[in-house]
Structures are given as C-alpha cells and as structure tokens.
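Below: one structure, written as structure tokens.
The values are calculated or read from the model by the stated rules, or taken from the named source; none is laboratory data. This one's a predicted model, so the numbers in the text were calculated from it and none came from an experiment. Don't worry about glycine lacking a Cβ; one is built from the backbone with ideal geometry, like all the others, and counts go over all protein chains shown. SASA here: full protein model, heavy atoms, side chains in, ligands and nucleic acids out. Shrake-Rupley method; radii C 1.70, N 1.55, O 1.52, S 1.80 Å.
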Amino acid sequence: MSDYQTHHKIVRLHIKTLFLDIEQTNNIQMIKQSVKLLSTSAVIASTIAVSTSAFSRAEAASFTFNLDCVISGTVGGNTYSGGNTCAKVNQSFGTVTIKDSTTNSKTVDVIVDLAGNKVHKVLDLYLNYNDSKFQGPDFNVSAGSGYSIQSDTVNENKLKASGYKGSLDFNIKPKATTSSNDGFNAIIALKESCQSLFDLNASDFNYKDTLNQILAAVHIGNYGNNPGISGGNSIWVGSSSYYQASIPPKKVPEPTAIASLGIFAAGAWKMKKKNQEKKQEDLLVLC
C-alpha cells in the first residue's frame, strides 16, 4: 500500500470516528431542537429574500397599470388634445390590472377600477400585447359578471386613442357600462386554434405603444373635469407607470439574517441525512 493510500485510509477512519462520536452525544439532538425554533414564517421569508433579487416583471403573476396621464380632455382648467405625448397631471384616474388566471393557463383576467366612488364609466379599453408571440386576432373576450361587451378589435400597432399619435394593439369596448359599477371586468382567452401552441400570461400584455409611452389607455365617461367627479364629459387617459400601493412598513428580519437561518436549517438537515446514510455506505470520499 502506498503512503498516499495509507494516509487516505487514516483520514477516512478519523472522519468516520468523528461522526460516530457526534451521534453518541447530544449534538444531533441539539441541532434538531434548533431547527424546530425556526418558524414557518422565517423559512418562507428566507425564500422570498433570496428570490427577490432575481425577480423580474416578466415573471410576475399580475401587473397593475396606473392611469396617470391624459391623452385628450380637460383636467381642472387645462385642456389636452393628444399628439405625441400623454401628459402627466399628478393625479390618478384609476388602474388597469392584468392577472394570470388561477384556474386556466390559457386565460388572463382584466380589471378596470376607476377613481371615485361609482361616478365614472368605462367606454373603451386599449391594451398592447407581445407582437412577437401573437401574429393576429388570437383572442376571445368575455365579460366578467355584471358586465357585457359591445365589441373587441385586434389590429397590431394600428389602433388609435383619440388624437394620440402612438398606436396600440387591442381594443375592448364594453356595452352598457354605467357609473353604478364604476369599472369593468373581462376575461381574455386564447382562441382554441392557439391553445396547443402556448399559454396566455399577464406578462404578454406588459408592453407599451409604438411611441413607447403608455401601457394601456381608457376612455372614461360621466366625467366632470377631475377624477372622481361626475359630469357630462369624457376624457381619454393612459398609463405610463405601474401602480404602487401604499403599504405600511413592517418590521421584518434583515434578509442576510433570514438567509443565514435558512442556510443553517439546510446544513443541519444535511448533516442528519449524512449520519443516516453512513450506516449503509462508506461515509465520505475525499477528492
């Protein structure tokens, strides 16, 4: 036997003896007790902390667009008439939310929620979609409960929103939407001929118009020259940003501390697993 083989055998023997000693003491039990102290919330939080750094909007289950700019219409004493821009007015006219369906991978849900309390109504909704994925009218649209649809039109990069020079892809026109429901819900589904080709995701509608300015546009009726105020006018608004809900700050452990707890738990479990396996095979092979 060579010196190397002799040395290798001695090292393996020392390691095996060390783990046998650990098993005969209370160290393993202490590790088990420590692992039990890690709450379920800490484990979940560690997963979130690790995954957040790699998170991208394309992987999200939903997107909420803030209707934060004016295409054409009057806000207060200022009148806008379209053109190359959607004018920021430091007010929100509501939101448009696109959500992955929880039950059907071939559909997404669309929710329009207007500002105010049952004062406005939705006349038109315009969206953009992934032009490289969809090459034609690949959708069917059905209204949500309490709503109905007059028409829907798909015309990639050709649809205009009242004087705005940018073009969008997809128009949904509700029927008989009144201020009493103050919004609009619909389901967009892939046509049957497309369903074997791919899924439909909220991220498929997370795109801007041909001028790269707005994510969606809404024509609002029963409008009184300010969001949330009823009246006899209408206004065309767009979304140039994502809605950020105001969430009270919560006291949570630092991500690095949580990640350390998660790593400790994983390490303890791994040690236990190795101790169980060493009875069936040679414990460790050094490389």
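Is the range 136-151 home to any residue that is charged (D, E, K, R) and closer than 26 Å to Asp68 by Cβ? No: zero hits.
Listed here are the residues, each with its yes/no results for (1) at pLDDT 55 or above; (2) in a helix (DSSP H, G or I); (3) surrounded by 14 or more Cβ atoms within 10 Å (Cβ to Cβ).
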position: Lys208; (1), (2), (3): yes, no, yes
position: Val218; (1), (2), (3): yes, no, yes
position: Gly231; (1), (2), (3): yes, no, yes
position: Ser246; (1), (2), (3): no, no, no
position: Ala268; (1), (2), (3): no, yes, yes
position: Asn275; (1), (2), (3): no, yes, yes
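Looking at Lys158, is it open to solvent by 40 Å² or more (accessible area, probe 1.4 Å), within 28 Å of Gly82 (Cβ to Cβ), without any contact (Cβ under 8 Å) to a residue 12 or more places away in the chain and in a strand (DSSP E or B)? Considered against the rule, which asks whether it is open to solvent by 40 Å² or more (accessible area, probe 1.4 Å), within 28 Å of Gly82 (Cβ to Cβ), without any contact (Cβ under 8 Å) to a residue 12 or more places away in the chain and in a strand (DSSP E or B), Lys158 comes out as yes. The set of residues in the range 81-104 that are open to solvent by 60 Å² or more (accessible area, probe 1.4 Å), in contact (Cβ under 8 Å) with a residue 40 or more places away in the chain and within 22 Å of the chain's Cα centre (by Cα) comprises Lys99, Asn104.
Exactly one residue out of Lys165, Lys175, Lys191 is surrounded by fewer than 22 Cβ atoms within 10 Å (Cβ to Cβ) and within 15 Å of Lys133 (Cβ to Cβ): that is Lys191. Taken over the range 132-155, the residue count meeting the criterion of being part of a strand (DSSP E or B), hydrophobic (A, V, I, L, M, F, W, C) and closer than 29 Å to Gly83 by Cα is 2. When the range 113-155 is filtered for residues that are within 21 Å of the chain's Cα centre (by Cα), surrounded by fewer than 13 Cβ atoms within 10 Å (Cβ to Cβ) and of a type outside the set (Gly, Ala, Ser), only Asp131 remains.
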